[in-house]
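What follows is a set of notes on a single structure, which appears directly below.
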Amino acid sequence: MNTLLWAVFPYVALALFFFVPFIRMIYRPYGVTTRASGMFNRGVLGTASLLLHWGIILLFLGHAMGLVGGVAGSAFWVDLFFYVGAVGGVMAIAGSIIALIRRFTVPEVRALSQFDDFAVHFFLIAIIGLGLYQALVDRIWGSAFAGAAWFASLWRFQPEPELMAGAGLLTQIHVLLGLLFAAYFPFTKLIHVWTYPINFAVRPYQSMRTAADKFRRRWEFGLRSDKSFLTYLAAGSIIVLLAIAFLIGQPTRDGFDVAVAEVDGGAQVAARSDQVGYALYVSQCARCHGIDADGNGAGRNSPTFATLPRDLTAGLYRFVSTQSGIASDADLRHVIVNGLPVGGMPGFAALSDAQVDSLVAYLDFVWVDRPEAGPAVNITPQPAFTTAMRSQGRELYAANCSACHGQTGAGDGPAGAFIEDYPGHLLPPANLAAGAIKAGADPVQLYNRIAAGIPNGNAPLMPAYGYLAPEEIWALVAYLRREILPDSLVLAR
Ligand code: HEC
Ligand code: HEC
């Protein structure tokens, strides 16, 4: 499915986008235009047209900035994309809406309209609306990092569909709709974009009086016809995109080899895999955790996060399975692959094992003074859950957990009201009854959570219950799964 959506469909759409205009230009050159409707309701048209056209030009420039910034790993350019895109997006969507209203309300224009006159506006409004919603409401606009790396991979002819698989759902829909629009584009009046406005400035004068001059300058006309400009523009766009894909390449970390040489005693292989990890990190993680991995990504304050994206240099990880409370490589791997859905972090299950390994190596690299994780919590094979275990679990829960999680697991226990995580935000105990589990509700993960607690620097968010006997922890797990967690969550695993 990922391959189909992100490696096959894009090529089909782009091929249509670039080649259909030639076919139309050759067979029906005079169809490459819009139907004039400027004589009706001119005032409104002017406003709509100006907003729409300039908005789209800004959006185009913004996306180009995002593409370059994403591929080069530059937060500056990606931020610029946000501002230029936000202004352009608001202008274009306003223009599009006004134009659509005019089409519906002015009878003459309505009579002139064809299907595509409406369709293009619906496409534009949906695509731009999604983009704006993400940028201004969800406030995660660093998606350009993932999008650019994936888009460049298309032009390198080594598509990497897995890079888009972890992008937000809205980003995915935005991009897929955009591609669908690109495929439809040359069949609509929008095809005029390929001839306007450059040609306008340089083409021979259109004289209504005599054609003699035109025919004398035939060679020049040949170079300056709409057809040849289409060729120049299309070839130019393709060359620019190829250049971005092949020449800008992947982001690299300055002074990286030196740093790794110090950490790893100069091991060449490690250096290379960390370098791969960095590029992958930028494309997949930087939008939330920041280019410098300090948790200062562009999307940092997005309301979609339960807590801020972690500062990965501090290594204060929470979802661990070790007696020390220090995350092991396996713990980091688990979070990367499965994400923390309730917390706002997507899972990256589409990445290959080698890719995840390179990310774990990269997290290891940025974690300042990473301590030894030490042995894992003592976990015995999962027993069959019996009724006796469940009632033992009920008692243990009432004694140990309900103070924070509340009697019914709704997260409303009296001791839970003032728990703060290390950036100083109030963090209520999980609403277990509603299934608000971040790191997995399968028995082993629940066991790990109870046995290792949820560390948070010096003051844990939730104490570790590793001192309980394994049977007692399993009894708690049985109780949670059978009586507290919603069935939908338990059955899903
Ligand atoms: C859409 C934003 C987003 C993206 C993309 C993202 N993260 Fe996160 N990440 C978060 C948030 C938010 C948290 C904190 C969630 C919480 O604890 O509630 C988090 C937490 C983490 C943690 C802490 C886990 C723990 O045990 O405390 C790690 C490690 C992590 N992310 C690594 C990554 C890596 C590696 C990538 C890229 C493959 C990545 N993240 C991509 C938002 C994101
Ligand atoms: C001091 C208060 C406190 C106590 C006592 C406590 N918890 Fe928690 N628990 C928390 C907090 C806070 C979180 C949310 C952490 C987060 O979202 O990062 C949490 C989260 C959890 C989670 C969800 C983990 C995830 O993946 O998101 C589970 C399961 C859980 N607790 C089970 C228990 C059980 C079982 C007990 C008793 C043995 C218990 N807790 C005792 C505070 C507490």
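The values are calculated or read from the model by the stated rules, or taken from the named source; none is laboratory data. Model, not experiment: these values are computed from the prediction. Positions of Cβ are backbone-derived with ideal geometry, glycine not excepted, and every protein chain shown enters the neighbour counts. The protein model used for the area step is the full one, side chains on, heavy atoms only, and it has no ligands, DNA or RNA in it. Shrake-Rupley method; radii C 1.70, N 1.55, O 1.52, S 1.80 Å.
What are the residues in the stretch 286-306 that are in contact with a Leu (Cβ under 7 Å, 6 or more places away or on another chain) and near ligand 1 (Cβ under 7 Å from one of its atoms), if any?
Scanning the stretch 286-306 gives a single hit, H289.
Are there any pairs, at least 6 apart or on different chains, whose C-beta atoms fall under 9 Å, with the first in the stretch 481-493 and more than 17 Å from R394 (Cα to Cα) and assigned to a helix (DSSP H, G or I) and the second at pLDDT 85 or above and open to solvent by 90 Å² or more (accessible area, probe 1.4 Å), and if so, which?
V490/R482
In the stretch 385-405, how many are within 12 Å of ligand 2 (Cβ to nearest atom) and either polar (S, T, N, Q) or open to solvent by less than 70 Å² (accessible area, probe 1.4 Å) (or both)?
Going through the stretch 385-405, the residues within 12 Å of ligand 2 (Cβ to nearest atom) turn out to be 393-405.
Subset that is either polar (S, T, N, Q) or open to solvent by less than 70 Å² (accessible area, probe 1.4 Å) (or both): 393, 396-398, 400-405.
Total meeting the criteria: 10.
How many residues does the stretch 273-307 hold that are surrounded by fewer than 21 Cβ atoms within 10 Å (Cβ to Cβ) and farther than 27 Å from E372 by Cβ?
Residues in the stretch 273-307 being surrounded by fewer than 21 Cβ atoms within 10 Å (Cβ to Cβ) and farther than 27 Å from E372 by Cβ: 8 in total.
If you go through the stretch 406-442 one residue at a time, how many are away from ligand 1 (no atom under 16 Å from the Cβ), in contact (Cβ under 8 Å) with a residue 40 or more places away in the chain, open to solvent by 60 Å² or more (accessible area, probe 1.4 Å) and part of a helix (DSSP H, G or I)?
Within the stretch 406-442, residues that are away from ligand 1 (no atom under 16 Å from the Cβ), in contact (Cβ under 8 Å) with a residue 40 or more places away in the chain, open to solvent by 60 Å² or more (accessible area, probe 1.4 Å) and part of a helix (DSSP H, G or I) number 0.
Being part of a loop (DSSP other than H, G, I, E, B), open to solvent by 30 Å² or more (accessible area, probe 1.4 Å) and in contact with a strand residue (DSSP E or B) (Cβ under 7 Å, 6 or more places away or on another chain), is that true of even one residue in the stretch 447-468?
Kept after step one, since they are part of a loop (DSSP other than H, G, I, E, B), are these residues of the stretch 447-468: 453, 455, 457, 459-461, 463-468.
Okay, now just the ones that are also open to solvent by 30 Å² or more (accessible area, probe 1.4 Å), so 457, 459-460, 463-464, 466-467.
After this cut, where a residue has to be in contact with a strand residue (DSSP E or B) (Cβ under 7 Å, 6 or more places away or on another chain) as well, the list is 460.
Checked against the condition, which is being part of a loop (DSSP other than H, G, I, E, B), open to solvent by 30 Å² or more (accessible area, probe 1.4 Å) and in contact with a strand residue (DSSP E or B) (Cβ under 7 Å, 6 or more places away or on another chain), the stretch 447-468 yields at least one hit.
Scan V366, V356 and give me the residue that is farther than 20 Å from D442 by Cβ and crowded, with 17+ Cβ neighbours inside 10 Å.
Values: V356 fails: farther than 20 Å from D442 by Cβ.
Only one candidate qualifies: V366.
Kindly state which helices (runs of 4 or more DSSP H) lie completely within the stretch 131-199 and contain at least 3 residues that are of a type in the set (F, W, Y).
Numbers: elements: 144-155, 162-165, 169-184.
By residue number, 144-155.
So G440 passes all but one of these: (1) at positive phi; (2) more than 7 Å from ligand 2 (Cβ to nearest atom). Which condition number does it fail?
Failing condition for G440: (2).
Confirm whether T307 is of a type in the set (S, T, N, Q) and within 15 Å of ligand 2 (Cβ to nearest atom).
Details: of a type in the set (S, T, N, Q): yes; within 15 Å of ligand 2 (Cβ to nearest atom): yes.
Answer is yes for this residue.
Looking only at helices (runs of 4 or more DSSP H) that lie completely in the stretch 39-128, which have at least 2 residues being in contact (Cβ under 8 Å) with a residue 12 or more places away in the chain and open to solvent by less than 50 Å² (accessible area, probe 1.4 Å)?
On the way: elements: 42-72, 75-105, 107-112.
The helices (runs of 4 or more DSSP H) meeting that bar are 42-72, 75-105.
Name every residue in the stretch 11-44 that is modelled with pLDDT of 80 or more, among the hydrophobic types (A, V, I, L, M, F, W, C) and out of contact with any Leu (no Cβ under 6 Å at 6 or more places or on another chain), in order of residue number. Show your work before the answer.
First, the residues of the stretch 11-44 that are modelled with pLDDT of 80 or more: 11-24.
After this cut, where a residue has to be among the hydrophobic types (A, V, I, L, M, F, W, C) as well, the list is 12-20, 22-23.
Correct list: V12, L14, A15, L16, F17, F18, F19, V20, F22, I23.
Rundown of residues vs (1) within 8 Å of ligand 1 (Cβ to nearest atom); (2) in the same structural domain as R310 (by TED's automatic domain parsing); (3) touching a Gly at 6+ places or on another chain (Cβ under 8 Å), yes/no style:
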position	(1), (2), (3)
V337	no, yes, yes
M345	yes, yes, yes
F348	yes, yes, yes
G374	no, no, no
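Taking the stretch 317-366, which residues are away from ligand 2 (no atom under 16 Å from the Cβ), closer than 19 Å to D294 by Cα, under 21 Å from the mean Cα position of the chain (by Cα) and not polar (S, T, N, Q)?
Once the filter is applied, which keeps residues that are away from ligand 2 (no atom under 16 Å from the Cβ), closer than 19 Å to D294 by Cα, under 21 Å from the mean Cα position of the chain (by Cα) and not polar (S, T, N, Q), the stretch 317-366 yields L359, V360, Y362, L363.
May I ask you to list the residues in the stretch 317-327 that are closer than 19 Å to P443 by Cβ, among the small types (G, A, S) and within 9 Å of ligand 1 (Cβ to nearest atom)?
Selection gives nothing.
Restricting to the stretch 307-316, and then to whatever is on the phi < 0 side of the Ramachandran plot and more than 23 Å from the chain's Cα centre (by Cα), can you tell me which residue is farthest from ligand 1 (Cβ to nearest atom)? Quick ask: steps written out before the conclusion?
From the stretch 307-316, those on the phi < 0 side of the Ramachandran plot are 307-314, 316; that's our starting set.
With the extra rule that they be more than 23 Å from the chain's Cα centre (by Cα), the set shrinks to 314, 316.
Details: A314: 10, L316: 7 Å.
Step by step, filter the stretch 307-316, then rank; the result is A314.
State yes or no: is V282 in a loop (DSSP other than H, G, I, E, B) and touching a Pro at 6+ places or on another chain (Cβ under 7 Å)?
Values: in a loop (DSSP other than H, G, I, E, B): no; touching a Pro at 6+ places or on another chain (Cβ under 7 Å): yes.
So V282 fails the test.
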